Amino acid sequence: MEGQSTTRPPLFDGNDYPYWKTRMRIYLQALDYEIWEVVCDGPFMPLTKNKVGDDIPKLSSQWSELEKKKMSLNSKAMNALFCALDKKEFHRVSSCESAYEIWKKLEVVYEGTNQVKECKISRFTRQYEMFQMESYESVHDMYTRFIGIANSLEALGKTFTNSEKVKKIIISLPKEWRPKRTTIEEAKNLNTLSLDDLIGSLISYEEDIANERIDEDKKKKSFAFKSSIVKSDDDGSDFEGEGIEMIARKFRRIFKKQIKRTNFKDLMRENLKVDKGKNEAIVCLECKKHGHIRSECSLLNKLKKKAMVAT
């Protein structure tokens, strides 16, 4: 995009009239402050007295050099305004004969009559009074929104002092900013504190809060990572220890049973050896027959199999 220029007036194409109006006012004042006075108060007209004593316009041939210079101010102002308008806006005001008429006609078209202005002032005033900084907003976004409302009111003729704007912004801060708000109210004189200094202080505080949050998040993540490592190590060692202990217990049980069975069988064999050669062998307690013990009885095994099938 083409940049701004100090030699060309700001172009107005029918959009964002308050923005153009402010820039055009500064441009006209920079050309010559008397030109801006002509736009606000109307063109200068040399007058003379008639025979009755009434004021009548002078003939151009009777103008002095100073009067000619003052009359040329209106033409300069009209030329600047015409150069600042596109073709559509130029046709809207081309019939005007003074810069004052051009300026007022544009105000009526884009700001409305006095009644419309009052309605707009009431609407923007309510927005100004209800203004609050949102929790998701940054200081920059909040200030941009606030200054837009204030500029709209000033364009309509309702202005606010610097101290009023400062106090309004401090009041609009959310609860999380209460410590900073209290500090500013106690350490600063709100009647002399500039709006730029206030916004700069709030932005600095916002950056400090953001850095503290980043540090806290890093600490939490580091602590959670270490805890997970320690927990995983502990879980693995416990599981390994419990597994070994369980295997050892089972092994001891099996070993004890095996020893008992071996001792019992050896004892029975010795008893059988003692009575070997005689018909008086050990009697089975299950079938009452000789030659075997109860655990080796075939009848008992059959009964066990039937019991298992029934179960």
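The values are calculated or read from the model by the stated rules, or taken from the named source; none is laboratory data. These numbers were taken from a predicted model, which means no experiment stands behind them. When we count neighbours, we look across all protein chains shown, and the Cβ atoms used for this are built from the backbone with ideal geometry, even at glycine.
In this structure, does Glu154 turn out to be acidic (Asp, Glu), surrounded by 13 or more Cβ atoms within 10 Å (Cβ to Cβ), within 39 Å of the chain's Cα centre (by Cα) and farther than 23 Å from Val38 by Cα? Answer is no for this residue. The set of residues in the stretch 43-89 that are in contact with a Leu (Cβ under 9 Å, 6 or more places away or on another chain) and surrounded by fewer than 16 Cβ atoms within 10 Å (Cβ to Cβ) comprises Thr48, Asp55, Ile56, Pro57, Lys58, Cys83, Asp86. Scanning the stretch 165-192 for residues that are of a type outside the set (Lys, Arg), surrounded by 15 or more Cβ atoms within 10 Å (Cβ to Cβ) and within 17 Å of Gln127 (Cα to Cα) returns Val166, Ile169, Ile170, Ser172, Leu173. Reported count of residues in the stretch 44-72, each being free of Cβ contacts under 8 Å to residues at least 12 places away in the same chain and not aliphatic (A, V, I, L, M), is 12.
For (1) within 25 Å of the chain's Cα centre (by Cα); (2) assigned by TED's automatic domain parsing to the domain that holds Tyr19; (3) part of a helix (DSSP H, G or I); (4) farther than 17 Å from Gly14 by Cβ, each residue gets a yes or a no:
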| position | (1), (2), (3), (4) |
| --- | --- |
| Ser61 | no, yes, yes, yes |
| Lys70 | no, yes, yes, yes |
| Ser75 | no, yes, yes, yes |
| Ser95 | no, yes, no, yes |
| Thr125 | no, no, yes, yes |
| Glu134 | yes, no, no, yes |
| His140 | yes, no, yes, yes |
| Phe146 | yes, no, yes, yes |
| Ala150 | yes, no, yes, yes |
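Summed over the stretch 82-121, residues that are in contact with a Phe, Trp or Tyr (Cβ under 7 Å, 6 or more places away or on another chain) and not charged (D, E, K, R) total 5.
Taking first residues from the stretch 18-41 that are touching a residue at least 40 places away in the same chain (Cβ under 8 Å) and farther than 16 Å from Leu106 by Cα and partners that are loosely packed, with under 15 Cβ neighbours inside 10 Å and hydroxyl-bearing (Ser, Thr, Tyr), the Cβ contacts under 9 Å between residues at least 6 apart in sequence or on separate chains come to Tyr27/Thr6.
The criterion of being among the basic types (Lys, Arg), in contact (Cβ under 8 Å) with a residue 24 or more places away in the chain, assigned to a helix (DSSP H, G or I) and loosely packed, with under 14 Cβ neighbours inside 10 Å does not hold for Lys120.
In this structure, Lys158 does satisfy being part of a loop (DSSP other than H, G, I, E, B), closer than 30 Å to Gly112 by Cβ and not acidic (Asp, Glu).
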